[in-house]
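Peer 1: I am attaching a structure below and will ask some questions about it afterwards.
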Amino acid sequence: MTKATEISKIAEELLKAQKCLVLSHYNPDGDALGSSLAVANALQNLGKEVVSYNESHIPEKYHFLPGSKQIVSTLPEASFDMIVVCDCGDVSRMGDLTSVKLGNHSTILNIDHHISNTNFGTYNLVETERSSTAEIVYNLLSEMKVEITPDIASCLFTGILTDTGSFRYQCTGVETFNIAAELLKFGARAQEVAHEIYERRSRASVLLCSSALANMKFHKDGKVAEVFVSKEMMDSFSATADDTEGLVEEARAVDGVLVSVFIREQDGIWRISLRSSDPDHYDVSQVASSFGGGGHKAAAAFRSKRALEDFRPALIEKLEQLVS
Ligand SMILES: [Mn+2]
């Protein structure tokens, strides 16, 4: 395991690489996709051979991002000079198959802002005070003196916008606004980004979410909110995983709720998301870690292949302890 690497050294190494694989965490969010696609676009513009990869499918709402259609979900057999991993706190976040296949056999550039980052890369550009990986990528591309095109700027703006909850979360700092302003100067299509991400919704999503919210459970005098979506509920609305987005945040926003948990079933695996309304006092990443997951103090997640009744009581108890 290596320590942090100077950004100038990383810029130099990335400029040298000719064949690059760029990837981000499974179940990618706006920052995972925005930051990795910004890197992919920039490297492509420099004439390098680039493959974009993600183990999961890309949510429909992010299809507008330049380069998203080129993301492959089968790991190429080819060897690469550099594997750029964006927004992954540890190797398991690349996905089960990916982390095993890549192992320690390649040169890995780890670009991330998670406090839990394990510095798993050959080179590590990990800045935990940053709002988003996109912020870090912006500085890296500036260091490399590559042109920030409107496409790249839009990708980076998407990463910042989504990871800061539209500049609302605590992680939003002066530097966040400065970089966002720079991105607008470089032609970021801020309005398009906001429209695609926040101003449209599928009918299945509205119907599924109303049903899930109507059945929300409260624990510990309303300090813990729990939302649940079974496979049957998904099927009855012909909903996809994308349609459940935002549910865990809605539960957290209820008056009196300190932490929220969202449990859903997909492909025989339980996916659990956690949110905290006061991350300095109620750190949900600790709870996620105790179940083998990870994340931030304010937002964390884990997956479980166990039966619901085997982990749910312990999970609720841990959350109750967290808020007492
Ligand atoms: Mn992020």
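Peer 1: Mind telling me which of the residues 241, 188, 214, 251 ends up being touching a Phe, Trp or Tyr at 6+ places or on another chain (Cβ under 8 Å) and not assigned by TED's automatic domain parsing to the domain that holds residue 156?
Peer 2: Selected residue: 251, the only one of 241, 188, 214, 251 that is touching a Phe, Trp or Tyr at 6+ places or on another chain (Cβ under 8 Å) and not assigned by TED's automatic domain parsing to the domain that holds residue 156.
Peer 1: Regarding residue 75, is this residue crowded, with 22+ Cβ neighbours inside 10 Å, in contact with a Phe, Trp or Tyr (Cβ under 7 Å, 6 or more places away or on another chain) and more than 26 Å from residue 196 (Cα to Cα)?
Peer 2: No: the conditions fail for residue 75.
Peer 1: Checking the structure you have, find out if any residue of the range 183-198 is away from the ligand (no atom under 15 Å from the Cβ) and at pLDDT below 95.
Peer 2: Looking through the range 183-198, at least one residue is away from the ligand (no atom under 15 Å from the Cβ) and at pLDDT below 95.
Peer 1: Being touching a Pro at 6+ places or on another chain (Cβ under 8 Å), in contact (Cβ under 8 Å) with a residue 24 or more places away in the chain and crowded, with 22+ Cβ neighbours inside 10 Å is true for just one of 37, 14. Which residue is that?
Peer 2: 37
Peer 1: With 75, 109 as the choices, which residue is of a type in the set (A, V, I, L, M), touching a helix residue (DSSP H, G or I) at 6+ places or on another chain (Cβ under 8 Å), outside any helix (DSSP H, G or I) and touching a residue at least 60 places away in the same chain (Cβ under 8 Å)?
Peer 2: Only one candidate qualifies: 109.
Peer 1: Which of the residues belonging to the range 247-306 are in contact with an Asp or Glu (Cβ under 6 Å, 6 or more places away or on another chain), at pLDDT below 95 and buried (at least 20 other Cβ atoms within 10 Å of the Cβ)?
Peer 2: none
Peer 1: Here is a follow-up. Could you look through the range 1-32, keep only residues that are under 30 Å from residue 60 (Cα atoms) and assigned to a loop (DSSP other than H, G, I, E, B), and pick out the one that is nearest to the ligand (Cβ to nearest atom)?
Peer 2: Residue satisfying both the conditions and the ranking: 29.
Peer 1: Hey, among 163, 151, which residue is among the charged types (D, E, K, R), in contact (Cβ under 8 Å) with a residue 60 or more places away in the chain and away from the ligand (no atom under 13 Å from the Cβ)?
Peer 2: It is 151.
Peer 1: Next question. Within the range 116-134, can you find the residues that are out of contact with any Gly (no Cβ under 8 Å at 6 or more places or on another chain) and within 13 Å of the ligand (Cβ to nearest atom)?
Peer 2: Result: 126, 127, 128, 130.
The values are calculated or read from the model by the stated rules, or taken from the named source; none is laboratory data. Since we're looking at a predicted model, the values are computed, not measured. Cβ coordinates were reconstructed from backbone atoms using ideal geometry, including for glycine residues, and neighbour counts include every protein chain displayed.
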